[in-house]
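Here the structure comes first, spelled out in C-alpha cells, and everything after it is commentary.
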Amino acid sequence: MGVAVIVGTAKGAAILKSKDRETWEMNFDLRGWPVTASARDDGGRTYAAVNSPNFGVALFASDDLSNWNQLESAPRYRPEDRGNPEHHRLVAKMDFEGKLKGGGRFVDQIWTLHPAHGALYAGVSEAGLFVSRDRGQSWEPVDGFNEQPGRENWFPGFGGLGLHTILTDTKNADRMWVGISAAGFFRSDDGGKTWARKDEGVHGFGGNCVHHVANNPDNASVLYRQEHFGVYRSEDGGDTWRVWEDGLPIAEMSDGHRCSFGFPLVHDRKSGASFVVPLDGDNYRFPRGGQLAVYRSSNGKPWQPLQNGLPANCFAGVLRGSMAGDQMDSGGVYFGTTAGSIYASSDLGESWREIASGLPRIMSVEAYVT
C-alpha cells in the first residue's frame, strides 16, 4: 500500500505520494488558496478546506487526488447570528469587505474536517461546529454547540476563536468531543444536543487554550492533550486530566507556570504511541536551542526524544494541524514547519528525512493510505 500526504499551505496544497514511503513525488494543487484542512470519507473522497479574505471559505473535493471540484456549499452562520467582539478585533485585519462592522458571526476559516458515522463535520472560526450528511453538498449548524449558554464569555486565543479539534467514538455515535482555542474542551453524550466543558485538572487562565487533542476512536475514552500550559492524559473521556510530561523539556511560560509547550499531538493507533513537538515556551515558539525534535510516548510511558535526521539549526515552529500519522504497520508520521519543510518517518519516529522543502507556510498535514 502507498501513502498520500496532503500538505495545506498559505498558497495551495502540496500533495505528496509514495508507493513505499521512501520515494516521493509531489504536485502543487489549488494554487493561490490558503488550504487549512483536509479529510477523506469512507467512500474514498477527499475534501480540502480553503479560505480567502476576498471570497471567504470554500470546500473542494476529489476522488483521485488530481482533479478537484469546488462544492457549491460550505459552512455558514445565519445572517442574524451575532459574533464575538474580541474575535472580530483579532481577525479584522483580514476583513477587507468590512463584514464584521455589523457585528455578525461569520465563518472566516475551516480549521478541521472530521468524517464519522456517515457524516462530515467541520470545525470553524468564529468557533462553531457544522455537519454535512450528503458529502459536503449542504451544511447544517450544530445548534446545541453553537448556541450553548456561556458562549458569550468565551475568550479567543492569538488567532481568534477557533474550533480546531473534533473527536468521535466508533462505538457510540452520540458521543463526541471538540477543542477550542481558547475556550476549552467540550464533550457531548447526546449527539450534539448538549455539551459539558471537560477541563478539570488542566492549568488555565480562566479559559483553557487547547492546542490539540487525539484519541483512538475504538478506545475513545483515553484522550491525549497538548495544551498551551502542558501535556495531559485522560482515561475517563475527559472527566479528569493528569499531567503527562515525564521526559519532556520544560519551559517557563509567560505567566510563570512551568510546563512543556507545543501545538500538535498525534496518536498511532496500532502501536499506542503518541507524538509531540515541544517548543521553547510561549515566548519563543521554536525548538529549544534550535534542535528540532519529536518526542514519543508509548502507552503513557515516559517521553523519549527522537531527532535522528532532524536539523540542529531549526528556528521554525510546527502548528497544531501540521502533524499526522498514516496508521499503517510500522507507523508513518509526518509533520511540516512554518518554514515550509516536510519531514517523514516510516518507523515510528526512530529516523526522519526531509521529503519536501521550500513550501509556503504550512498550515495542515494529513496522511492517507492509497
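The values are calculated or read from the model by the stated rules, or taken from the named source; none is laboratory data. What you see is a predicted model, and the numbers here were worked out from it, not measured in a lab. Every residue, glycine among them, receives a Cβ derived from its backbone with ideal geometry; neighbour counts consider all protein chains shown.
With respect to the stated conditions, GLY144 is more than 20 Å from GLY8 (Cβ to Cβ), at pLDDT 95 or above and either surrounded by 19 or more Cβ atoms within 10 Å (Cβ to Cβ) or touching a Ser or Thr at 6+ places or on another chain (Cβ under 9 Å) (or both).
Checked against the criterion of being closer than 20 Å to ARG175 by Cβ and surrounded by fewer than 20 Cβ atoms within 10 Å (Cβ to Cβ), the range 148-162 contains one or more residues that satisfy it. Among the conditions (1) assigned to a loop (DSSP other than H, G, I, E, B); (2) of a type outside the set (A, V, I, L, M, F, W, C); (3) at pLDDT 95 or above, THR112 misses just one, which is (1). Applying the set (1) over 25 Å from the mean Cα position of the chain (by Cα); (2) touching a residue at least 60 places away in the same chain (Cβ under 8 Å) to ALA74 leaves exactly one unmet item: (1).
Considering the range 331-363, the residues that are assigned to a loop (DSSP other than H, G, I, E, B) and of a type in the set (S, T, N, Q) include one that is farthest from ASP20 (Cα to Cα), namely THR338. Of GLY237, GLY262, GLY184, GLY179, all but one fail to be buried (at least 17 other Cβ atoms within 10 Å of the Cβ), farther than 24 Å from PHE130 by Cβ and of a type in the set (Gly, Ala, Ser); the exception is GLY262.
Being within 26 Å of ASP326 (Cβ to Cβ), of a type in the set (A, V, I, L, M), in contact (Cβ under 8 Å) with a residue 24 or more places away in the chain and in a loop (DSSP other than H, G, I, E, B) is the requirement here; does LEU265 meet it?
no
Residue-level check: of (1) in a strand (DSSP E or B); (2) of a type outside the set (Lys, Arg); (3) out of contact with any Ser or Thr (no Cβ under 7 Å at 6 or more places or on another chain), PRO79 misses just (1).
Yes/no per residue for (1) of a type outside the set (Ser, Thr, Tyr); (2) without any contact (Cβ under 8 Å) to a residue 12 or more places away in the chain; (3) under 26 Å from GLY162 (Cα atoms):
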{"residue": "SER274", "(1), (2), (3)": "no, no, yes"}
{"residue": "LEU292", "(1), (2), (3)": "yes, no, no"}
{"residue": "ASP329", "(1), (2), (3)": "yes, no, no"}
{"residue": "GLY332", "(1), (2), (3)": "yes, no, no"}
{"residue": "PHE335", "(1), (2), (3)": "yes, no, yes"}
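Kindly indicate whether LEU30 is at positive phi and modelled with pLDDT of 95 or more. It is true that LEU30 is at positive phi and modelled with pLDDT of 95 or more.
Residues of the range 320-330 that are of a type in the set (Ser, Thr, Tyr) and either more than 23 Å from ILE180 (Cα to Cα) or part of a strand (DSSP E or B) (or both): SER330 alone. Where strands (runs of 3 or more DSSP E) fall wholly inside the range 1-75, the ranges with 2 or more residues that are surrounded by fewer than 21 Cβ atoms within 10 Å (Cβ to Cβ) are 12-18, 25-29, 56-62.
Every condition in (1) free of Cβ contacts under 8 Å to residues at least 60 places away in the same chain; (2) not in a strand (DSSP E or B) is met by GLU86 except one, and the failing one is (1). With respect to the conditions (1) farther than 25 Å from GLY136 by Cα; (2) under 23 Å from the mean Cα position of the chain (by Cα), SER38 falls short on a single one, namely (1). Just the residues that are in contact with a Leu (Cβ under 6 Å, 6 or more places away or on another chain) and over 17 Å from ASP246 (Cβ atoms), please, taken from the range 258-270. Hit for the range 258-270 is PHE263, nothing else. Of all the criteria given as (1) under 20 Å from PRO156 (Cα atoms); (2) in contact with a Ser or Thr (Cβ under 6 Å, 6 or more places away or on another chain), the one not satisfied by ASN84 is (2). Sort out which residues of the range 200-254 are hydrophobic (A, V, I, L, M, F, W, C), more than 27 Å from LEU292 (Cα to Cα) and either touching a Pro at 6+ places or on another chain (Cβ under 7 Å) or at pLDDT 95 or above (or both), and write them in order of number. The answer is ALA220, VAL222, TRP241.
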